[in-house]
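Colleague: Structure below; questions to follow.
The values are calculated or read from the model by the stated rules, or taken from the named source; none is laboratory data. If you're wondering where the values come from, they're calculated on a predicted model, not measured in any experiment. So basically every Cβ, Gly included, is an ideal-geometry build from the backbone, and we count neighbours across all protein chains shown. Protein only, heavy atoms only, side chains kept; ligands, DNA and RNA dropped before computing areas. Shrake-Rupley method; radii C 1.70, N 1.55, O 1.52, S 1.80 Å.
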Amino acid sequence: MADNSKAAPAPKENMGQPIARYEARQKVMGGKIYSSDLPVPGKKAYAWMVTSTIAKGRVTGIDETAAKAVPGVLMIMTHKNRPALGDIASFLKGGMFVTDNNTLSGPTIEHEGQPVAMVVAETFEGAREAAHKLKVGYAAESPSATFESPGVTTRPMGEINPRYKPVKFKDAAAALAGSAHRVDAEYSTPIQHHNSMELYSTTAYWDDGKLVLHEPSQFVWGLRKGAAAQMKMDEDNVRVKSPFVGGAFGGKGAITVRTALAALAARQLKRPVELVATRAQGFTISGNRQETQHKISLGCDAQGKLTGYDHSMWEFTSRVTPYNNGGLDNCAAMYDFGAVSGQNYIVQGDRNVPNFMRSPAEVPNIYALESAMNELAAAANIDPVAFRKMNDTRVNVTNGAPYTSRSVNACWDAAAASFGWDKRNPEPGSMRDGDWLIGWGCAMATYPTQMAPSAAKIVLRKNGTALIEVAAHDVGTGCYTIAAQAAGERLGIDPSRITVQMGDSRLPPGPISGGSISTASVTSAICDGCDRLLTSLGLTADDAKASDSADRLAAALARSGRPVAEATGAWAPIGAPDDAIDRLYDGGLVFVGGAGEKRTMFAFGAEMVEVRINARTREIRVPRMVGAFAAGRIMNPRTAHSQYMGGMIWGMASALLEATEIDHKRARYTNDNIAEYHLAVNADIPDVDVIMVPEVDDEINILGVKGIGELSNVGTAAAITDAVWHATGKRVRDLPVTIDKII
């Protein structure tokens, strides 16, 4: 019999039951649950985008002769015949789009892979063949590809983001000048792409003047709002269906150029149109993790107490839409820094717009900070775990806002005990097994606890079953399962008797599935709805907790004389604006949490890794990783374990494998496929030990839930580079760590 103790850990204090996923059977049996699987009325036509082969310049002409000769071609759309669209805006300007510019808006080319045409045909193969036969002429200009390229523009972030404030607390320069030990170092992280298993796709059809979109989305209400504005129609006449998402990681949070193309073609042809982007097109029509550069100065006194921290960060972004992450304010809240200064800059060039990617700001920023912490601990001759513990803080030193909870030291204790950290010889190169140099490294994991308004409808039926309706999203994290558990606990009903409906814009609005906010936000709305339902039946929370709760519910419903009882909950986090619920129903975004003015809210973890490096070939292996995490109430240890383990594996891959290569002359991605864009595979995955440290936080939301989806891949890279140094004595500060960097 299989041992499920790792995949489904027994719950500890303040944890729910590790019940199996709501959709598990559908997934393993190939159920039609993803957007492009959903049925449509009538016969589908198939679209194929033609994308630019240059990064900067103009389209000078399009010869459609050979393409139109392909049997079954129905239409070819270009900037010359594309129907009019409404204005759009990116997230930077308060909109829902990746970019500020509409698709096929003219002959100007802003980045490689920009759509220049779309072919629609009776068959997928016909659309593909015709697209390849379309002849596009260009007048190319020299693009600016990356940081060192001629023509880039560097600007302080405050010039393009009016909400941005540089970080400053006391005089960091003076504090650093008086430090007994000091590290001055530069770090860099590469371009990375989401590469979800489910490709970007849109299927569109029109039903009596109303637009229906089947599209994998992390925010169906936002997609509905944006698509309606773009198509110049009432929001009530747009419906978005996205019941399950086959991986997103931020890439499916914003509206891309393909949505309008499919909708326009479906309206013109009066039939459903399916547009699936190729893997290569996914590198350019959506976003990516932008490449970053960091300069850090970090100092401590002779006893190891931090004195000063200065961090400047540059991130590469688009010339047209300068998306940016920032995030140094979160770094400044991590330790008891004596003084802090931080400044973010953007560097603009001729590339597609970056976008959210799992832990967007934290992965690069915390990598740089945690690497510097490891280097300073070594310079001060202090164990890196002890160094962090002695510089722990209970407040954000920059504004004095206390942490609602912070269990990072408990995480360090749990990780160290499991890993055997006390057996580490601190001398670099001192641990060896035959031809293999052994290195042990560590780093802190952290992610801001963020929440957003949500609504949810609860329906109780007389047969003792219940229904939850909320336009939230399951991007593979188990949100359906957790929603059923939250309602089950609140009403006293077994979760197996609860049906959950999500991912449809006709349902009450939920938050965007981003920023690790879904569980905290959605369960709070569900709890509010359950409480309202109980009150409407004359019941209390004690009735729901009683051993005969199901009988009490049934009796109360019978007394009401109704066949069903229902209630709609609505919840907004503390600190949200007064109109937060109204904004939710308008398809808007309101985030609360992290490094706030009055409260500091973060989840934490401690990660330890072992690397083995062949003394002769410099081949790198990671045989084991340990991660201990504390994130408030854990709703389901099974789904949480999966999230934590997946994040650590991704963190390992981002340290050793993942990097989007770019042609510096042509500003084109050269490994835009999953054969050459290296992801972790079975042979790369080590023994991953996930430890869930119990934590209670009564200040953050109804159930005390913190987000976990983005926590565990923060810090992993710094732990690995520290282990590489411990094995070889060589510091690698530019990710990914490859053999050539440690020869």
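Colleague: Mind telling me which of the residues Thr292, Thr307 ends up being among the β-branched types (Val, Ile, Thr), open to solvent by 10 Å² or more (accessible area, probe 1.4 Å) and modelled with pLDDT of 95 or more? It would help to see each step written out before you state the result.
Modeller: Numbers: Thr292 fails: open to solvent by 10 Å² or more (accessible area, probe 1.4 Å).
Just one listed residue meets the conditions, Thr307.
Colleague: Run down Val220, Val152 and say which single residue is open to solvent by 10 Å² or more (accessible area, probe 1.4 Å) and hydrophobic (A, V, I, L, M, F, W, C). Give the derivation first.
Modeller: Details: Val220 fails: open to solvent by 10 Å² or more (accessible area, probe 1.4 Å).
Going through Val220, Val152 in turn, just one is open to solvent by 10 Å² or more (accessible area, probe 1.4 Å) and hydrophobic (A, V, I, L, M, F, W, C): Val152.
Colleague: For Gly632, indicate whether it is on the phi > 0 side of the Ramachandran plot and surrounded by fewer than 20 Cβ atoms within 10 Å (Cβ to Cβ). Spell out how you get there, then give the answer.
Modeller: Details: on the phi > 0 side of the Ramachandran plot: yes; surrounded by fewer than 20 Cβ atoms within 10 Å (Cβ to Cβ): no.
Answer is no for this residue.
Colleague: Name, by its number, the condition in (1) of a type outside the set (A, V, I, L, M); (2) part of a loop (DSSP other than H, G, I, E, B); (3) more than 21 Å from the chain's Cα centre (by Cα) that does not hold for Pro511.
Modeller: With respect to (1) of a type outside the set (A, V, I, L, M); (2) part of a loop (DSSP other than H, G, I, E, B); (3) more than 21 Å from the chain's Cα centre (by Cα), Pro511 is out only on (3).
Colleague: Mind listing just one residue for me: the one in the stretch 359-374 that is farther than 16 Å from Gly594 by Cα and either within 11 Å of the chain's Cα centre (by Cα) or not aromatic (Phe, Trp, Tyr) (or both) and, of those, surrounded by the fewest Cβ atoms within 10 Å (Cβ to Cβ)? Walk me through how you get there before you give the answer.
Modeller: Restricting attention to the stretch 359-374, the residues satisfying the condition of being farther than 16 Å from Gly594 by Cα are 364, 367-374.
Pick out the ones that are also either within 11 Å of the chain's Cα centre (by Cα) or not aromatic (Phe, Trp, Tyr) (or both) and you get 364, 368-374.
On the way: Pro364: 29, Ala368: 26, Leu369: 28, Glu370: 29, Ser371: 29, Ala372: 22, Met373: 28, Asn374: 25.
Here the answer is Ala372.
Colleague: Going by what's in this entry, would Ser297 be described as out of contact with any strand residue (DSSP E or B) (no Cβ under 9 Å at 6 or more places or on another chain) and among the hydroxyl-bearing types (Ser, Thr, Tyr)?
Modeller: On the way: out of contact with any strand residue (DSSP E or B) (no Cβ under 9 Å at 6 or more places or on another chain): no; among the hydroxyl-bearing types (Ser, Thr, Tyr): yes.
Taking the combined requirement at face value, the residue does not satisfy it.
Colleague: Return only the number of the condition from (1) open to solvent by less than 40 Å² (accessible area, probe 1.4 Å); (2) out of contact with any Gly (no Cβ under 7 Å at 6 or more places or on another chain); (3) assigned to a loop (DSSP other than H, G, I, E, B); (4) in contact (Cβ under 8 Å) with a residue 24 or more places away in the chain that Asp697 does not satisfy.
Modeller: Unmet condition: (2).
To keep it simple, each residue is scored yes or no on (1) in contact with a Lys or Arg (Cβ under 8 Å, 6 or more places away or on another chain); (2) open to solvent by less than 60 Å² (accessible area, probe 1.4 Å); (3) not in a strand (DSSP E or B).
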{"position": "Ser5", "(1), (2), (3)": "no, no, yes"}
{"position": "Val40", "(1), (2), (3)": "no, yes, yes"}
{"position": "Leu92", "(1), (2), (3)": "no, yes, yes"}
{"position": "Asp100", "(1), (2), (3)": "yes, yes, yes"}
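Colleague: May I pose another question? Out of Thr535, Thr523, report the one residue that is β-branched (Val, Ile, Thr) and either outside any helix (DSSP H, G or I) or more than 30 Å from Phe356 (Cα to Cα) (or both). Don't jump to the end; show me each part of the working.
Modeller: On the way: Thr523 fails: either outside any helix (DSSP H, G or I) or more than 30 Å from Phe356 (Cα to Cα) (or both).
Sole residue among the options that is β-branched (Val, Ile, Thr) and either outside any helix (DSSP H, G or I) or more than 30 Å from Phe356 (Cα to Cα) (or both): Thr535.
Colleague: For the stretch 495-509, check the following and say yes or no: at least one residue is modelled with pLDDT of 95 or more, farther than 24 Å from Pro18 by Cα and surrounded by fewer than 18 Cβ atoms within 10 Å (Cβ to Cβ).
Modeller: Yes, because at least one residue in the stretch 495-509 is modelled with pLDDT of 95 or more, farther than 24 Å from Pro18 by Cα and surrounded by fewer than 18 Cβ atoms within 10 Å (Cβ to Cβ).
Colleague: Could I ask something else about it? Within the stretch 468-485, how many residues turn out to be open to solvent by less than 20 Å² (accessible area, probe 1.4 Å) and either outside any helix (DSSP H, G or I) or within 28 Å of Gly561 (Cβ to Cβ) (or both)? Before you say what the answer is, go through the steps one by one.
Modeller: At the first step, the residues of the stretch 468-485 found to be open to solvent by less than 20 Å² (accessible area, probe 1.4 Å) are 468, 470-474, 478-485.
If we keep only those that are either outside any helix (DSSP H, G or I) or within 28 Å of Gly561 (Cβ to Cβ) (or both) as well, we get 468, 470-474, 478, 484.
Total satisfying the criteria: 8.
Colleague: Just to be sure I understand, how many residues within the stretch 419-463 are in contact (Cβ under 8 Å) with a residue 40 or more places away in the chain, open to solvent by less than 20 Å² (accessible area, probe 1.4 Å) and of a type outside the set (A, V, I, L, M, F, W, C)?
Modeller: So the answer is 8.
Colleague: Output the number of the condition that Asp301 fails; it satisfies all remaining conditions of (1) under 21 Å from Phe604 (Cβ atoms); (2) of a type in the set (D, E, K, R); (3) open to solvent by 10 Å² or more (accessible area, probe 1.4 Å).
Modeller: Looking at each condition in turn, Asp301 falls short on (1).
Colleague: State which residue is nearest to Ser196 (Cα to Cα) when the search covers only the stretch 262-275 and only residues that are open to solvent by less than 10 Å² (accessible area, probe 1.4 Å) and aliphatic (A, V, I, L, M).
Modeller: Let us first name the residues in the stretch 262-275 that are open to solvent by less than 10 Å² (accessible area, probe 1.4 Å), namely 262-266, 272-273, 275.
From what is left, the residues that are aliphatic (A, V, I, L, M) are 262-266, 273, 275.
Numbers: Ala262: 21, Ala263: 23, Leu264: 26, Ala265: 26, Ala266: 26, Val273: 22, Leu275: 17 Å.
It comes out as Leu275.
Colleague: Does the stretch 384-409 hold any residues that are buried (at least 19 other Cβ atoms within 10 Å of the Cβ) and in a loop (DSSP other than H, G, I, E, B), and which are they? I'd like the intermediate steps shown before the answer.
Modeller: Just the residues of the stretch 384-409 that are buried (at least 19 other Cβ atoms within 10 Å of the Cβ), to begin with: 384-385, 387-388, 391, 396-398, 403-408.
Those that are buried (at least 19 other Cβ atoms within 10 Å of the Cβ) and in a loop (DSSP other than H, G, I, E, B): Asn391, Asn396, Val397, Thr398, Thr404, Ser405, Arg406, Ser407.
Colleague: In addition: When only residues in the stretch 7-37 that are part of a helix (DSSP H, G or I) and hydroxyl-bearing (Ser, Thr, Tyr) count, which is farthest from Gln501 (Cα to Cα)?
Modeller: Here is the first cut: in the stretch 7-37, the ones part of a helix (DSSP H, G or I) are 24-28, 35-37.
Narrowing the set further to residues that are hydroxyl-bearing (Ser, Thr, Tyr) leaves 35-36.
Numbers: Ser35: 15, Ser36: 18 Å.
By that ranking, first place goes to Ser36.
Colleague: Given the options Thr278, Thr259, name the one that is closer than 23 Å to Lys32 by Cα, open to solvent by 30 Å² or more (accessible area, probe 1.4 Å) and touching a residue at least 40 places away in the same chain (Cβ under 8 Å).
Modeller: On the way: Thr259 fails: open to solvent by 30 Å² or more (accessible area, probe 1.4 Å).
Matching residue, one of Thr278, Thr259: Thr278.
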